[in-house]
Amino acid sequence: MQLTTVGKAIWRGARKAQELEAAGAGDPQVQERLEKLKQVETLRRRGVPWREVQEVVGISRATYYRWRKRLKEEGLSGLRPRSRRPKRTRGKVRWSPEILLAIEGLRKGNPTWGRWPIWLSLRKGGFAVSERTVGRILAHLEARGRVESVASFLARARRGKGRPSPPRPYAQRKPRGYEAKAPGDLVQVDTLSVTLGPGEVVKHFSALDLATRFSLAQVHGRATASLAARFLAELVSRAPFPIRAIQVDGGSEFMAEFETTCQRLGIRLFVLPPRSPKLNGHVERMQRTFRDEFYTRPLPSRLSELQAELEAYLNYYNGRRPHRALGGLAPLEFLAMMQGGSVPQSHMC
């Protein structure tokens, strides 16, 4: 039998490879840190300041010296990432059922209390507990759903309560299925703030009939319930058809005197739900038309002169301006077609 021996050089190479592997030479994180050490040393030999070295390599000056020290003392194994677990950890604390129930009861009875008032109440009740411990117990109870956090309680309370709605003795929500089938079945009314110049702001009242797109508008210095009631009376007297229902948002100008005027005239008043301007979309679109076509022209600042200019525009809008939703007809032309007669002469002349 022939015996084959392995040379000493081969044995040494194999042992060296095993030592390097055990030291972390094959670890990608070790190699990455070793490469960064080399980069820092190369840049420092070239005189690059530490501030630029940190930006290029991505490690701080303290980290470089800590890694270099470990490499010198422990070899490659010193560059392995170490556990960041604290040397001393807090043991599992078991609180007594009495203190848990006491804190739970205080929080439920006072949902906006934090740890300090609860701790103070506990101390007065004879419990020997620190304020920090009360905070940890509160976090424990909140995580298990036994009590509600203060932030969650306040957010829910604000959503649930909000500002109480003022009483509306006559207004109501529009009934489900109510449709505007004839002129005057539903007229949307809204207000618009328009800035004419520095410090010159006017309140523009708009009304639009859904069936014919007939529109009426007025400008005032303010938007009050009395002015809104005056606008409503003007609308009723000048519309070429009877007004049966009005739809408005929850603005204060459409309360009080405006609401009583609707009731006195026998006009149904529908009020939109909060934060739902899209339900008044026709008059909202009409107000955009006012902004684009009327308020872009040079206009007088006096309300009486401005109202005269607005009347002239309304005469054009209702009598001659083609409307895409009406097949190219103006509102009064469309109304005449609906009634099977000739186009009436504009009452705004």
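The values are calculated or read from the model by the stated rules, or taken from the named source; none is laboratory data. Model, not experiment: these values are computed from the prediction. Note that we place each Cβ from the backbone using ideal geometry, even for glycine, and neighbour counts take in every protein chain shown.
Structure summary
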| read-out | value |
| --- | --- |
| Candidate set: segment 69-92, residues that are assigned to a loop (DSSP other than H, G, I, E, B) and in contact (Cβ under 8 Å) with a residue 24 or more places away in the chain; chosen: the one surrounded by the fewest Cβ atoms within 10 Å (Cβ to Cβ) | 81 |
| Test for residue 104: is it over 28 Å from residue 219 (Cα atoms), surrounded by fewer than 10 Cβ atoms within 10 Å (Cβ to Cβ) and at pLDDT 90 or above | no |
| Some residue of segment 115-122 being in contact with a strand residue (DSSP E or B) (Cβ under 7 Å, 6 or more places away or on another chain) and surrounded by 14 or more Cβ atoms within 10 Å (Cβ to Cβ) | no |
| Residue 98 surrounded by fewer than 15 Cβ atoms within 10 Å (Cβ to Cβ) and closer than 30 Å to residue 310 by Cα | no |
| Of residues in segment 232-249 being in contact (Cβ under 8 Å) with a residue 40 or more places away in the chain and more than 15 Å from residue 210 (Cα to Cα), the one nearest to the chain's Cα centre (by Cα) | 249 |
| Residue satisfying all of: in segment 179-191; surrounded by fewer than 20 Cβ atoms within 10 Å (Cβ to Cβ) and either closer than 19 Å to residue 235 by Cα or in contact (Cβ under 8 Å) with a residue 40 or more places away in the chain (or both); farthest from the chain's Cα centre (by Cα) among these | 182 |
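Table: residues versus (1) outside any strand (DSSP E or B); (2) of a type in the set (S, T, N, Q); (3) more than 30 Å from the chain's Cα centre (by Cα).
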residue	(1), (2), (3)
147	yes, no, no
193	no, yes, no
202	no, no, no
217	no, no, yes
